[in-house]
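Notes follow the structure.
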Amino acid sequence: MAIILGIESSCDDTSAAVICDGVICSNVVAGQAVHEQYGGVVPELASRAHQQNIIPVVHQALKQAGVTKEDLSAVAFTRGPGLLGSLLVGTSFAKGFSTALDIPLIDVNHLKAHVLAHFIKEDADDMDQPKFPFLCLLVSGGNSQIIRVDSHSKMEIVGQTIDDAAGEAFDKCAKVMGLPYPGGPVVDKLAKLGDGDKFKFSKPRIAGYDYSFSGLKTSFLYFLRDELMNDTGFIEKNKEDLCASLQKTIVDILMDKLRLAAKDLQINEIAVAGGVSANSGLRASFEDHAQKYGWNIHIPKFAYTTDNAAMVAITGYYKYLEQDFCDKSVTPYARTSI
């Protein structure tokens, strides 16, 4: 049996998980509320919190899984992309842990881990995984990509944002409206009470399968500026409709390019991953497209949408099967691609 400990510390969540032969045994996440008062993640505070959280989180993950550290086959950790200070905490801990136990060390690409979260099994009989090849829409605060996945290790980006990510658009537009951080979940909650067709915002005209969200942010900002000149209470009076219209616009932009890629590449096995995959509007649109276009869709459980160690552990599991290990000299990287 292959028992993999996964460690995730790319941003502000410290997480550890245990995967046993592809089946999830535990997935523990410690968040950091300290960033809320700053309206965004403060890197220095994040790395300090990781140092405090990582040992208790790993201990709890092993305890919940019912295994000891001596049972582990390998340690997988997020090498990047992410905040360098945060990544250094997870990387250093993983190196020390694997050295002390004399077990293999496995470095994991954070973006690939989001995609492979779809292969986490709840039990040995769980067979609800995507079939190769499939397209995965990876959407988060830092990424908006369409990825062609041919195997657990072979992936290719066919389209990506040329400026801002979808999650960033959600958060920054929410901030303009005076909503708390992180803005994406708040917009989603308010959007359920509003009319998505009430307001129209600009959509980019970008060739191919690439995305752009900077124009939408500017359009939204100028729209509010003009309306507030006429009515200082405009945002408060129209908050639900603004959120619904913003969410509909972002989802439409995402789905238009994904639909084009699926048609051109003749792939109907479609998945979504990343933090924005928790958005109810995006999930509903996936269900709608499955009905209209015959897509076989894969939507992750909420626990696997945001940063978590289960996706790191499952990626580590498949690399373990291929004996794809790294040595102790590896260093984390803040930026990289699939």
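A few points about this structure:
- Odd one out for Arg205 among (1) within 14 Å of Gly281 (Cβ to Cβ); (2) open to solvent by 50 Å² or more (accessible area, probe 1.4 Å); (3) not hydroxyl-bearing (Ser, Thr, Tyr): (1)
- For the range 71-87, a residue qualifies if it is among the polar types (S, T, N, Q) and closer than 16 Å to Ala310 by Cα, and the qualifying residues are Ser73, Thr78.
This table checks each residue for (1) surrounded by 21 or more Cβ atoms within 10 Å (Cβ to Cβ); (2) within 30 Å of Ala113 (Cβ to Cβ); (3) among the acidic types (Asp, Glu); (4) touching a Ser or Thr at 6+ places or on another chain (Cβ under 6 Å).
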| residue | (1), (2), (3), (4) |
| --- | --- |
| Cys173 | yes, yes, no, no |
| Asp226 | no, no, yes, no |
| Met229 | no, no, no, no |
| Leu242 | yes, no, no, no |
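- Positions within the range 303-326 being modelled with pLDDT under 95 and either in a helix (DSSP H, G or I) or farther than 22 Å from Cys25 by Cβ (or both), in sequence order: Ala303
- Candidate set: the range 208-223, residues that are free of Cβ contacts under 8 Å to residues at least 24 places away in the same chain and among the hydroxyl-bearing types (Ser, Thr, Tyr); chosen: the one least open to solvent (accessible area, probe 1.4 Å): Ser219
- Long-range neighbours under 6 Å by Cβ, at least six apart or interchain, first residue closer than 13 Å to Glu240 by Cβ within the range 192-207, second at pLDDT 95 or above and of a type in the set (A, V, I, L, M): Gly194/Ala244; Asp195/Ala244; Gly196/Ala244
- Only one entry of Ser140, Ser73 meets the criterion of being at pLDDT 95 or above and of a type outside the set (Val, Ile, Thr), and that entry is Ser73.
- Gln145 at negative phi, modelled with pLDDT of 95 or more, of a type outside the set (Lys, Arg) and open to solvent by less than 50 Å² (accessible area, probe 1.4 Å): yes
- Residues located in the range 70-100, provided they are surrounded by fewer than 16 Cβ atoms within 10 Å (Cβ to Cβ) and aliphatic (A, V, I, L, M): Ala100
- Contacts under 8 angstrom Cβ, first residue in the range 94-105 being closer than 13 Å to Val330 by Cβ, partner in a helix (DSSP H, G or I), 6 or more apart: Pro104/Ser98; Pro104/Tyr320; Leu105/Ala94; Leu105/Lys95; Leu105/Ser98
- Breaking point among (1) of a type in the set (A, V, I, L, M); (2) within 22 Å of Ile157 (Cα to Cα); (3) open to solvent by less than 30 Å² (accessible area, probe 1.4 Å), for Ala310: (2)
- Only one of the numbered conditions (1) out of contact with any His (no Cβ under 6 Å at 6 or more places or on another chain); (2) aliphatic (A, V, I, L, M); (3) not in a strand (DSSP E or B) is not met by Leu135, and that is (3).
- Applying the condition of being in a loop (DSSP other than H, G, I, E, B) and under 21 Å from the mean Cα position of the chain (by Cα) to the range 170-200 and asking which residue is nearest to Leu228 (Cα to Cα) yields Pro180.
- Applying the set (1) assigned to a helix (DSSP H, G or I); (2) closer than 21 Å to Phe286 by Cα; (3) more than 15 Å from the chain's Cα centre (by Cα) to Arg148 leaves exactly one unmet item: (1).
- Lone unmet requirement of (1) more than 19 Å from Phe119 (Cα to Cα); (2) in contact with a helix residue (DSSP H, G or I) (Cβ under 9 Å, 6 or more places away or on another chain); (3) open to solvent by 40 Å² or more (accessible area, probe 1.4 Å); (4) at pLDDT 95 or above for Lys63: (2)
The values are calculated or read from the model by the stated rules, or taken from the named source; none is laboratory data. Since we're looking at a predicted model, the values are computed, not measured. FYI the Cβ positions are ideal-geometry reconstructions off the backbone, even for glycines, and counts take in every protein chain you see. Ligands, DNA and RNA are stripped out before the accessible areas are found, and what is left, the full protein with its side chains, is counted by its heavy atoms. Shrake-Rupley method; radii C 1.70, N 1.55, O 1.52, S 1.80 Å.
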